[in-house]
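The values are calculated or read from the model by the stated rules, or taken from the named source; none is laboratory data. Bear in mind that the values here come from a model prediction, so they are computed numbers and not experimental data. Cβ atoms come from the backbone with ideal geometry, glycine included; neighbour counts cover every protein chain shown. Ligands, DNA and RNA are stripped out before the accessible areas are found, and what is left, the full protein with its side chains, is counted by its heavy atoms. Shrake-Rupley method; radii C 1.70, N 1.55, O 1.52, S 1.80 Å.
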Protein chains: 4
Amino acid sequence: MTSTFGNLFRLTTWGESHGKAVGVVVDGCPPNIELSEKDIQKELDRRRPGQSSVTTPRNEPDRAEIMSGVFEGRTTGAPISIMVMNEDIDSSKYEKFKELYRPGHADYTYEKKYGIRDWRGGGRSSAREQVGRVAAAAIARKILEKHGISITGFTRQVGKIRIEENEIDYGEIEKNPVRAASSKKAGEMEKLILQLKAEGDSIGGVVEVTAKNVPAGLGEPTFDKLSADIAKAVMSIGAVKGIEIGDGFRVAEMKGSESNDELSERGFLSNHAGGVLGGISSGQEIIVRAAIKPTSSIRKEQKTLSRSGRDAKLMVEGRFDPCLCPRAVPVVEAMVALVIMDHLLRQKAYE
Amino acid sequence: MTSTFGNLFRLTTWGESHGKAVGVVVDGCPPNIELSEKDIQKELDRRRPGQSSVTTPRNEPDRAEIMSGVFEGRTTGAPISIMVMNEDIDSSKYEKFKELYRPGHADYTYEKKYGIRDWRGGGRSSAREQVGRVAAAAIARKILEKHGISITGFTRQVGKIRIEENEIDYGEIEKNPVRAASSKKAGEMEKLILQLKAEGDSIGGVVEVTAKNVPAGLGEPTFDKLSADIAKAVMSIGAVKGIEIGDGFRVAEMKGSESNDELSERGFLSNHAGGVLGGISSGQEIIVRAAIKPTSSIRKEQKTLSRSGRDAKLMVEGRFDPCLCPRAVPVVEAMVALVIMDHLLRQKAYE
Amino acid sequence: MTSTFGNLFRLTTWGESHGKAVGVVVDGCPPNIELSEKDIQKELDRRRPGQSSVTTPRNEPDRAEIMSGVFEGRTTGAPISIMVMNEDIDSSKYEKFKELYRPGHADYTYEKKYGIRDWRGGGRSSAREQVGRVAAAAIARKILEKHGISITGFTRQVGKIRIEENEIDYGEIEKNPVRAASSKKAGEMEKLILQLKAEGDSIGGVVEVTAKNVPAGLGEPTFDKLSADIAKAVMSIGAVKGIEIGDGFRVAEMKGSESNDELSERGFLSNHAGGVLGGISSGQEIIVRAAIKPTSSIRKEQKTLSRSGRDAKLMVEGRFDPCLCPRAVPVVEAMVALVIMDHLLRQKAYE
Amino acid sequence: MTSTFGNLFRLTTWGESHGKAVGVVVDGCPPNIELSEKDIQKELDRRRPGQSSVTTPRNEPDRAEIMSGVFEGRTTGAPISIMVMNEDIDSSKYEKFKELYRPGHADYTYEKKYGIRDWRGGGRSSAREQVGRVAAAAIARKILEKHGISITGFTRQVGKIRIEENEIDYGEIEKNPVRAASSKKAGEMEKLILQLKAEGDSIGGVVEVTAKNVPAGLGEPTFDKLSADIAKAVMSIGAVKGIEIGDGFRVAEMKGSESNDELSERGFLSNHAGGVLGGISSGQEIIVRAAIKPTSSIRKEQKTLSRSGRDAKLMVEGRFDPCLCPRAVPVVEAMVALVIMDHLLRQKAYE
C-alpha cells in the first residue's frame, strides 16, 4: 500500500476512519516557512464533516496537532508530522458489514487483496484518509502563495445542474454549502441534494479547480507531465472516476483549428489546453475537472454478497454525505496544490 | 525530465524525432520469458507511421533491435535495451520553427523550461517517443498473456461520430484503418478524417481500452490506486486531455442507486466502476477512455509568436496524421498494459 | 530531507530529540502478521537510554504506541504508524548551543543547509531519530523470523580491545552491558568505557551484525545490490564512518586464491565474501561490520565557532553515552533487517 | 534488477559483457551544457581494458556514441543515451562456465536468482557494465567542474604496499599504470602486480577518492545522507567489500577528543570526519576509501560445483586484470561524482 506521494515535497498519510487517529508526515518541506496549526486548521475546517446540512452529520472537529518539524513557528526542513485524533466514532452501525460487502465500496477488493479488512467505518478506504492530504496541502499552499500561486475549486455540476462558463462567480463559492460558483445554481443544487438525501439516495457531480499564476516551465515532459501527475493525484481521490485538463473530453469533437491556442505578443489568445502544453505549464491558468461519483452509501436495499459467498441484501445506515462534491472541493484543490508544489521544487533544481 | 515509468517493471525512453534513434530500456522484466524482435515488431507495426491513408505519410519501418537482456531467446532478468533507428527524416520543413512557436505544440513551453529546443521534427516532444513505450509494452503483454490478461483498444469516437455501446464489435477493430470497433462507423469516421485532411485541418476523438481477466487485488489503495496509475500513464500521452474509468463523467448525473454495482453469488451484476473499486481491481473488465485532441499541426494559417517576441503567422507543413486516434490505440493499450504489469509484480510481492 | 527508506517495505521517520514525540510510519507491511506493542517494545528496550552504567542516564521509557494499521492484533496492509512520546526532556543544557556549533555534531552543517536549527537536544540530528528505525525493524524481524531469518549483532571492538574470531560467543551478548560477544572482553571494554566516561571523554568501536538463513537470490545486481543497500542503510546511522561486508578491508592484502570462496557439493567451503556475491545473497551468513565513531559530546573544552562567526570555546555538558556501541547494536541490526525485508519482498515479485 | 541510480540526476545502465553493446541513459541532466563525445571518451579511456601491462589485454576501444539528448553541441534537458559497441569479444573461453560456477564470481547467485544466466564473459555481472557509469559521470563531472568541484582518485594500497599520508602526490597519479599517488610506491605496486600475474594469481587493494570544493549543505540528514549515498554508490561496484569516509575504521580506536574536528574563524582545524557531518557536507574535502577485492578470475585450479550439483574443478582462463585498482580508480571517482551531482541538484531545489 503506497501511502506516499510526491518526489521532493512528499507526504505519507496513515490512519483509519475508526482507529485512534489519522495523520500525515510531510517530508521535503522547505525550511524557514512560518507555520502554525491555524494554517492547517483553516483547510481542515473546509473538509470536515458536519459543516452543513448537505454533508454528513458525523461531527468531527478535526483538530490538527503538529508533532514535529516546526521550531519557534517555522519549518526547519525536518519532516512535519501532523496528527488528528478520531473523536466522534460509532462503529456499531458497521458490525453487519463484517460479513457483507457494501456495493460501490472497497470492501470486496480489500478482502481480495489483503484477506483481512478493518470494517469499522470503512477503515483505511474511508474518505477520512484525505485529512492527511488536506493538511499537507495546507503547508504547500502557504508556500505557493508566496509565489503568487492560488488554487480555487468549486462544485461545477451536481446531477444535471451545471454552472455554465458565463455563470461562474468565484466570489460565491464559500458562501453556499455546496461550494458552487453561482448563487442561483447553488440553490438548485442544494435542493436536489436534500431531496436525494430524503430519498436515502445520493448524487454525483463535477468539481473544477483552477490554479492561477503558475509559472511557465513546470512539469517533466515524458512521463511526469504536469497534467499526468495531476491526473494521478486527482484520480487517487476515492470518488473520482474521470479527470479533464482544459477542454477535456470536448476535444473529441473539435478540429485542430478550433483547439489550438494561438499566440501573440500579448500571450496566448485562448486556453483550450488548460494551461499545459506538452506536459509543461504554459503560464496560463491550469484548469482541472474531476467527475465525482455519487456516494456509495445509500439507505436503499441493495443486493450483495457475503464473505462466505452467499447472496444477501443490505441497506447501508450510518452518517453520509448525500453528495460528495462540497467536501471534495478542498480535496481536489489539495491534490492539485501538492503536484504544483512538487514540480515547483523540481524545476528549481534545474534553474 | 523524468523519462522513467513504473516501480518494479520499469521503462526509460530516450530519443528525438529527428535524432539518430529512439529507444527504451526495460528494467525489472521477469527472467525466462521467451522474447524476440518479432514480438516487439508486431506492436510497433500497429503504431508506425505510413500504415494507411488516414495516417501520416512519413514512412518509417520502425525496426526494433534488441541490444541487451535477452540470451538464447529468453529474458535473463537484465535490462532489455531496444533501439529503433530513425530513417525517413526530413528536417527542412522545420527550419522555420526555429524561430516560431507552433500553436498547440510544446515549442513554447520547452523554450520556457529549458531555454533550448531541438526543433527538428518536434525533438523530444514528438509522438515518436511513444515507440519506446509500445516496445516496452510488447514485452509486458507477452507476460500478461501468460496470466490470461488481454488488452484491447479501439477508436470509440471521431468528431461527433461515436460508436454506441450496442454497436461495439471487437472483431472489426484491426480490419479498418481507423481502428473503430464497428465497420459502419469506421466508414463514416474515415470519410470525416479524409475530408479534414483535405481541408488541411484535423479532428479529435476518443480511444477506449478494455483489459480482460485482470485478477482482483491489483492496485495500492492510497495514492498508487490502479485507476490513478492508469490515469497518469494515459495522460502522459501527449495528445490526451481527459481520462475516464468505467462510467467516467457520466457519474456526475447518476444517483448512488444507479451507479453502485450490486453483487451476487455469480459476481458483480453491473460494471459502472470500470473494474476498479477503492483503487483495487475487482476482477471485472477494466474500462478506460481517453480524450484525444485533434492534431496540432494543421495546414492553416495561425497567429503565433516568434522567439524574439514578435507577432507572427505560420502554416505548419510537413507530414501529419489528420486524426491521432488510429495510431493512439496501440499507445493507450501500451500504457494500460504497463501499469497492470507493474501492479501484477507489486501484488506478487505480498502474496 | 528524505526521511523515507525502502522500496516495498518502507519506513518514514519523524520527530526531534526534544520535540513532542518521535515516530515512524511503516508502509508496505504484508497483511495478516500478528503484531502488538510488545513486539516493538522488546526492541526499543534494547536501544533505550538509561539501561546501564555505560549508557546515557537520560531516562526514557520509550513506550511505543501503535496508532494505525493493526486490527484485532493483525496487520491489515495499511500503513502502521508508531509513536513514542518524548518524556525526560531537559533543554536547558542546550541553550548555549544556540550560538555555538558543537564539534563532531551536525550543528554547523544543519545551519549551512537550512539556515535554521532546532538546537534542543540536537533536534532532528539526534540519535533519537533511530527509535523509528528500531520500531519499524521490529515489525520486519517478526516477518523475517517466519522465514527462519535471524539477525544478531554485538560489539566487536571498543578502542583497541577487539574480540577475536575464536572468542566470539553469541550467548554472551545480552548478558553484559556492552553487548560484547565475549564475557572476558566485555569486562575489559566496560572498564575502558567507564574510565573514559570519568575523564569526560568517549571512545569508538566496531559493531558486527550477522544475518543467518537469508535465502540465496536476494539483492539486485546493478545498483541495488544487497551489499550496497546494506552499506547505505548502515552508513545512514549517524555515528558510522565505515562499513564492511565479509572480509572487508582485509581483502586489500589478499590474493584471489585466498579470497575466493570455493564451492563443493556441500556448499561453499569458506565465507570471505560475507554472504553476498555480485550483490546477490549466496545463502551463506551475511556479515556486516560498522565503524562507530566516539561520541562527539565530551566534557572537555574544545575550540569552536559561534553563529556570528567568532572563535569560541565550549564544553558539552548533558547526558551522553561514553561509547555508542552498546546502543548501536540494535540499530545496526535494525538497518540490516530492513534491507533484507525489503529485498525479500522484491524478490518475491519475480518468483 | 534495478539498473537505475540517482534521484534528480539519474542514470540507467544496460548491456552485457559479450552482448552487442553496453550503454547508459542519463535523465535529469541540466540543459545547455556543452557536451561532446570527446568529453565522455576522455573518461572511458581511463577505464578501458588494454591500457597497460597491469590491466587485462582485452583490447576494447570503448568508443562512446551519443544517441540522443544533445543538440548543436549542447544538452537539451532530454535523456542522453550513450552507447558503446562491444568489439573484442571472444566467448569461447567461457563455454565451460556454462556448467561450472566460477568461485568469487556471481555465477552461482545469478543462477539462484534468475534460473538463467548469460555466461558469455560474465554477462551482466561483468565489470563492463561500469562503462555506462563512467560515461554518465563524465557528464556530471563537466557540470561539477563549473561549480569548481573536482574529484580525484588513486590507488592507495595494493597488497601490503600502502602509500602513507605524507607520501601522497596527486601529480603522480596518471603518470604510472597503477594510478598510485606516489612514484616510489607505484613501482613497488607494479612489481607486485606483475609477479602475481605471472603466478596466475591476483591481488586486492584500496582506492581513495577525494572531492574538493563541494559546498557545505549537500546531503539529506536522515537516510539519504551524503555519506550513505556515497557508501551505496561505491559498494555497488562489483569488487568493493568495504567503504570508509574520513578516518573510517580508525575511529574505532579513537577518543572523542581525538576524533572531533574543532572549528575556528578560519574553518575546521582538522578533517577526521572526511567532509561530512550528520550526513551533510561541511565544505571540507570529502574523503572516501574503498576496499577492492583481488580479481576473482585466477589461473589456478579451484574446487567448485557444477550446475547439475556435482563437485568439480576449474581453472579460469581468459583475459583478466591481475589487480582491479588501476581501472577501479575512475569508477570509484564516477560513483562519487554521480552522488555529489545528484545532491547538488537536490539542494538547489530548496534554496
| remark: Mean accessible area per residue over the range A:4-348 (1.4 angstrom probe, all protein chains present, square angstrom) is 31 Å²
| query | What is the calculated FRET efficiency for residue B:266 to residue B:52, with r their C-beta to C-beta distance and R₀ = 56 Å, to the nearest 0.05? | reply | 0.85
| If you take every DSSP beta bridge whose two residues both sit in the protein assembly as shown, what share of them, in percent to the nearest 5, is antiparallel? | 95 percent
| field | Label point 7 Å beyond Cα along the C-beta direction, distances from residue A:266 to other copies (nm, shortest first) | value | 6.3, 6.5, 9.0
| task | Report, for residue D:73, each distance to the same residue's label point in the other copies, shortest first and in nm; define the point 7 Å along Cα→Cβ. | result | 5.1, 5.5, 7.4
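Shielding by partners for A:210-222, please: the mean number of other protein chain Cβ atoms within 10 Å of each residue's Cβ. Write down the numbers at each step before the final one.
Values: counts 0, 0, 0, 0, 0, 2, 5, 7, 3, 5, 8, 16, 18.
Mean number of neighbouring Cβ atoms from other chains: 5.
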| query | Over 18 Å between Cα atoms, which of B:184/B:241; C:197/C:300; B:225/B:293; D:112/D:232; C:42/C:175 qualify? | reply | B:184/B:241; B:225/B:293; D:112/D:232
| Which far-off residues, 5 or more places away or on another chain, put their amide H under 5 Å from the one on residue D:91, with H placed in the peptide plane? | none
| message | Around residue B:308, under 12 Å between beta carbons, what's the net of Lys plus Arg minus Asp minus Glu among the other residues? | response | -1
| request: Would you check the accessible area of residue A:249, probe 1.4 Å, heavy atoms only, in square angstrom rounded to 10? | output: 40 Å²
| message | Helix B:183-198 against the longest principal axis of chain B: what's the angle in degrees, Cα atoms only, rounded to the nearest 10? | response | 20 degrees
| query | Taking residue D:146 as the anchor, which aspartates and glutamates have their alpha carbon closer than 12 Å to its alpha carbon, excluding any fewer than eight residues away along the same chain? | reply | D:34
| note | residue D:30 neighbourhood, Cβ < 11 Å, K/R = +1, D/E = -1, net charge +3
| query | Mind checking which aspartates and glutamates have their C-alpha under 17 Å from residue B:38, skipping anything on the same chain fewer than 8 residues away? | reply | B:60, B:62, B:65, B:72, B:145
| query | Put B:262, B:145 in order of accessible area, largest first, 1.4 Å probe: what do you get? | reply | B:145, B:262
| task | Compute the label-point distances linking residue B:165 to its equivalents in the other copies; points lie 7 Å from Cα along Cα→Cβ; give nm, one decimal, shortest first. | result | 3.0, 7.4, 8.0
| task | Give, rounded to the nearest 20 debye, the magnitude of the charge dipole that chain A has about its Cα centre when Lys and Arg contribute +1 at Cβ and Asp and Glu contribute -1 at Cβ. | result | 1160 debye
| request: Could you work out how far the C-alpha centroid of the range C:279-318 sits from that of the range D:87-151, in angstrom? | output: 36 Å
| task | Provide C:236, B:308 ordered by accessible surface of protein heavy atoms (probe 1.4 Å), highest first. | result | B:308, C:236
| On Cα atoms only, tilt of C:325-348 relative to the major axis of chain C in degrees | 40 degrees
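For residue C:166 and residue D:348, what is the calculated FRET efficiency with R₀ set at 60 Å and r taken between the beta-carbons, to the nearest 0.05? Intermediate values should be presented prior to the final figure.
On the way: r = 53 Å, r/R0 = 0.88.
Once the sixth-power term is evaluated, E becomes 0.70.
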| said: Positive end of the dipole of chain D, charges at C-beta (+1 Lys, Arg; -1 Asp, Glu), about the Cα centre: which of D:76, D:276, D:323 has its Cα farthest in that direction? | reply: D:323
| field | Centre separation in Å (Cα based) which lies between the range A:188-219 and the range D:201-220 | value | 55 Å
| remark: Sorted by chain and then number, the residues having a modelled amide H within less than 5 Å of the amide H of residue D:264, at least 5 places away or on another chain, are D:269
| field | Mean Cβ count within 10 Å, highest first, over the residues of peptides D:186-197, A:89-100 | value | D:186-197, A:89-100
| message | Place a point 7 Å from Cα of residue B:194 in the direction of its Cβ. Which residues in the range B:156-182 have their backbone N less than 16 Å from it? | response | B:176-180
| Considering only protein heavy atoms and a 1.4 Å probe, what is the carbon-and-sulfur percentage of the accessible area of the protein assembly as shown? | 45 percent
| remark: Sorted by chain and number, the residues with a modelled amide H under 5 Å from that of residue A:220, at a separation of 5 or more or across chains, are A:225, A:226
| remark: The answer for the net charge of residues other than residue D:287 whose Cβ lies under 14 angstrom from its Cβ, with Lys and Arg +1 and Asp and Glu -1, is -2
| query | In the range C:1-110, with Lys and Arg counted as +1 and Asp and Glu as -1 at Cβ, which of these residues, C:17, C:100, C:64, has the Cα nearest the positive end of the dipole, that is, farthest along it? | reply | C:100
| request: Ignoring ligands, DNA and RNA and using a 1.4 Å probe, state the total buried accessible area between B and A in Å², rounded to the nearest 100. | output: 7700 Å²
| remark: Rounded to the nearest 10 Å², the accessible area of residue D:212 using a 1.4 Å probe with every protein chain kept is 60 Å²
| field | ³J(HN,Hα) computed for each position of the range C:203-216 - Karplus, 6.51 cos²θ - 1.76 cosθ + 1.60, integer Hz, glycine/proline x | value | 9, x, x, 10, 10, 10, 10, 10, 10, 9, 6, 6, x, 5
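In debye, nearest 20, what is the charge dipole magnitude of the protein assembly as shown about its Cα centre with +1 on Lys and Arg Cβ and -1 on Asp and Glu Cβ, if you could check? Please list the in-between numbers first.
On the way: 208 positive and 200 negative charges, 1 e Å.
Here the protein assembly as shown has a charge dipole of around 0 debye.
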| query | Of B:2, D:304, which has the most accessible area with a 1.4 Å probe, and how do the rest follow in descending order? | reply | B:2, D:304
| task | Go through the range A:225-234 residue by residue and turn each phi into a ³J(HN,Hα) via Karplus (6.51, -1.76, 1.60, θ = phi - 60°); whole Hz please, and just put x for glycine and proline. | result | 4, 4, 5, 5, 5, 5, 4, 5, 4, 6
| note | Note, the range A:132-147: 3J(HN,Hα) by Karplus (6.51, -1.76, 1.60, θ = phi - 60°), whole Hz, Gly/Pro = x, goes x, 5, 5, 5, 4, 5, 4, 5, 4, 5, 4, 6, 4, 4, 4, 8
